[in-house]
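A.B. asks: The following block contains the structure, expressed as structure tokens.
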Amino acid sequence: MNASAGPLFQEEEVRKIRSRFFATLPLYIMVPAALAIAFMFAGGHAIDWKAFGLGAAGWIAALLLRGPIAALVMKLPQSAAQTIIVSSSGVLEESVRLILLGLTAATLSEALSIGQGWAAIEVIYTIIAGLVTLSLLGRTDDKAKQAQAMLAAQGTAHLHPIWGVAERLFASLFHIGATLLIAAEPWLAAVLFPVHSLLNLSVLWLMKRSILLVEGLIAVVGTGIMLAGWLLFQ
């Protein structure tokens with residue numbers, strides 16, 4: 001690949017993508033803040049910062065556990081490797097969530113805070129990933145152009161980031177709801193293993209077809225899991 005060739009994304013395209021991202025950035029930050037306020041007013045469930053930190057640590061642990069799996073499949077075709085990694089997400093995340101909740105006698109407020117910490121760190125990760133993507137779009141080195149080609153193939157670079165905000169909101173509801181479900185009935189982790197993985201695989205498949213279907217699916221499943229967890233914990 002010739003590093004001296006121009007970037008795949010033109011300067012005007014990059015400016016537009018960057019402008020949209022930074023305009024939407026406050027909305028990303030508002031997602032965890034809005035949920036915290038909602039739970040406060042819904043039942044006086046203020047954030048327990050220790051539990052919040054445990055939730056954030058749990059998400060990081062689940063992310064790190066993907067590393068060995070990624071290393072095992074790195075020589076496979078990209079699509080096959082991606083499918084395997086995504087398929088493992090439900091088992092890894094819900095197993096860590098189960099262990100985390102097993103180490104704590106979580107009250108409703110504590111379980112909500114663990115879920116919020118888990119969801120909030122994912123929002124931060126999304127913001128960082130967005131900033132890294134922006135830094136790659138205008139560059140012409142080999143690694144940057146490989147990333148640009150991947151973005152072009154996915155067709156996601158030109159999507160308005162407001163879709164990402166909606167995804168973070170409903171994904172956050174999923175994580176909080178899953179935390180409540182496992183805290184109330186630990187055996188439900190076995191149900192969430194396939195549910196979580198199938199949701200992520202469906203998103204991966206639908207992303208190349210319709211962003212509206214992607215966000216609709218996440219909204220329905222995320223809201224449903226949140227309602228189920230909330231009602232079960234009462």
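The values are calculated or read from the model by the stated rules, or taken from the named source; none is laboratory data. Just so it is clear, the structure is predicted and the values come from calculations on it, not from any experiment. Note that each Cβ is placed from the backbone with ideal geometry, even for glycine, and that neighbours are counted across all protein chains shown. The area values use the complete protein model at the heavy-atom level, side chains included, leaving out ligands, DNA and RNA. Shrake-Rupley method; radii C 1.70, N 1.55, O 1.52, S 1.80 Å.
A.B. asks: Could you order V195, V73 by accessible surface area, starting with the largest, using a probe radius of 1.4 Å?
C.D. replies: Values: V195 50, V73 10 Å².
Descending accessible area places them as V195, V73.
A.B. asks: For I114, what charge total do you get from the other residues with a beta carbon under 12 Å from its beta carbon, if Lys and Arg give +1 and Asp and Glu give -1? Can you show the working numbers first?
C.D. replies: Working: positive: K50, R97; negative: D48, E110.
Counting the neighbours of I114, the net charge comes to 0.
A.B. asks: Ratio of Rg to Rh for segment 42-139, alpha carbon only, Kirkwood? If you can, show how the numbers build up before the last one.
C.D. replies: Values: Rg = 16.3 Å, Rh = 15.1 Å.
In segment 42-139, Rg relative to Rh is 1.08.
A.B. asks: Using a 1.4 Å probe on the protein heavy atoms, what percent of the accessible area of the chain belongs to carbon and sulfur? Intermediate values should be presented prior to the final figure.
C.D. replies: On the way: 8640 of 12090 Å².
Carbon-and-sulfur percentage of accessible area, whole number: 71.
A.B. asks: OK, next. Out of M207, M74, M30, any idea which swings most in a Gaussian network model of the chain, alpha carbons joined below 10 Å?
C.D. replies: M74
A.B. asks: Over segment 1-123, with the other protein chains present, what is the accessible area per residue in square angstrom, probe 1.4 angstrom?
C.D. replies: Details: 6650 Å² over 123 residues.
Counting only protein heavy atoms, the per-residue value for segment 1-123 is 54 Å².
A.B. asks: Oh, and also: How high is the FRET efficiency from A33 to S79, r the C-beta distance, R0 45 Å, rounded to 0.05?
C.D. replies: Details: r = 37 Å, r/R0 = 0.82.
Efficiency, rounded to the nearest 0.05: 0.75.
A.B. asks: Which net charge results for the neighbourhood of A129, defined as the other residues with beta-carbon distances under 13 angstrom from its beta-carbon, given Lys and Arg at +1 and Asp and Glu at -1?
C.D. replies: Numbers: positive: R168; negative: E122, E167.
Counting the neighbours of A129, the net charge comes to -1.
A.B. asks: Using a 1.4 Å probe on the protein heavy atoms only, what accessible surface does S79 show? Give it in Å² to the nearest 10.
C.D. replies: Rounded to the nearest 10, the figure is 80 Å².
A.B. asks: Give me the dipole magnitude in Debye, nearest 20, for the chain about the Cα centre, with unit charges on the beta carbon: positive for Lys and Arg, negative for Asp and Glu.
C.D. replies: Rounded to the nearest 20 debye, it is 480 debye.
A.B. asks: With Cβ to Cβ distances under 12 Å as the rule, what net charge do the other residues near S19 carry (K, R +1; D, E -1)?
C.D. replies: Values: positive: R15, K16, R18, R20; negative: E12, E13.
That sum, taken over residues with Cβ under 12 Å, equals +2.
A.B. asks: Starting from the Cα gyration tensor of the chain, multiply each eigenvalue by 5, take the square root, and state the resulting semi-axes largest first in whole Å. Provide the component values of the computation, followed by the final result.
C.D. replies: Working: eigenvalues 218, 84, 47 Å².
Equivalent-ellipsoid dimensions as semi-axes: 33, 20, 15 Å.
A.B. asks: Determine ³J(HN,Hα), in whole Hz, for all residues of segment 179-185 in sequence, where each value follows from phi through the Karplus function 6.51 cos²θ - 1.76 cosθ + 1.60 and θ = phi - 60°; x replaces Gly and Pro.
C.D. replies: Result, ordered by residue: 5, 5, 4, 5, 5, 7, 9 Hz.
A.B. asks: In a Gaussian network model over the chain where Cα atoms closer than 10 Å are linked, find which of A62, A38, A51 has the largest mean-square fluctuation.
C.D. replies: In this elastic network of the chain, the residue with the biggest mean-square fluctuation among A62, A38, A51 is A38.
A.B. asks: Would you please give the FRET efficiency between S135 and S95, computed as 1/(1 + (r/R0)^6) with r the Cβ-Cβ distance and R0 = 30 Å, to the nearest 0.05?
C.D. replies: Working: r = 34 Å, r/R0 = 1.12.
Plugging the Cβ-Cβ distance into 1/(1 + (r/R0)^6) gives 0.35.
A.B. asks: Put a dot 7 Å past each Cα toward the Cβ at I127 and W163; how far apart are the dots in nm?
C.D. replies: 2.2 nm
A.B. asks: Helix-only mean residue ellipticity at 222 nm, the chain, DSSP H runs n ≥ 4 weighted -39,500 (n - 2.57), per residue, nearest 500. What is it? Don't skip to the end; give the middle numbers.
C.D. replies: Values: 8 runs with 190 residues, N = 234.
One gets -28500 deg cm²/dmol as the mean residue ellipticity at 222 nm.
A.B. asks: Sequence gap at least 6, Cα distance under 8 Å: using those rules, report the relative contact order of the chain to the nearest whole percent. Can you show the working numbers first?
C.D. replies: Details: 273 pairs, mean separation 70.4, N = 234.
In percent, rounded to a whole number, it is 30.
A.B. asks: If you take the square roots of the eigenvalues of the alpha-carbon gyration tensor of segment 24-66 and sort them as a ≥ b ≥ c, do you get rounded (a/c under 1.5), prolate (a/b over b/c) or oblate? Kindly include the intermediate steps, with their values, before the conclusion.
C.D. replies: On the way: a/c = 3.37, a/b = 1.38, b/c = 2.44.
Oblate.
A.B. asks: Select from L212, L54, L180 the residue whose mean-square fluctuation is largest in a Gaussian network model of the chain (Cα-Cα springs shorter than 10 Å).
C.D. replies: L212
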